[in-house]
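Here the structure is laid out as structure tokens; the discussion comes afterwards.
No value in this document is a laboratory result; all are computed from the given coordinates. Small disclaimer: the values here were computed from a predicted structure and weren't measured. FYI the Cβ positions are ideal-geometry reconstructions off the backbone, even for glycines, and counts take in every protein chain you see.
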């Protein structure tokens, strides 16, 4: 699996987990202390996600990092 496929997978998982928690993009962004537009770019795979941001999102969703990445 190449880099772009990994990014797409992680982005899709974040969106799935957000929806499973019945959160809007705005609500999750607030919990992560980031802009809604930035979270939207992350979920669509249009931005380079840092490990720090990924950990922050996982904490806000109440999931382990391994639940988001393969």
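Does the chain classify as rounded, prolate or oblate by the C-alpha gyration tensor (a ≥ b ≥ c root eigenvalues; a/c under 1.5 gives rounded; else a/b over b/c gives prolate, otherwise oblate)? It would help to have the intermediate numbers written out before the result.
Values: a/c = 1.60, a/b = 1.33, b/c = 1.21.
Taking the square roots of the gyration eigenvalues as a ≥ b ≥ c, the chain is prolate.
Using Cβ counts within 10 Å as a stand-in for footprinting exposure, how do 44, 11 rank, fewest first?
Values: 44 12, 11 19.
With the fewest neighbours first, 44, 11 line up as 44, 11.
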Any idea how far the Cα center of segment 39-70 sits from the one of segment 1-19, in Å?
9 Å
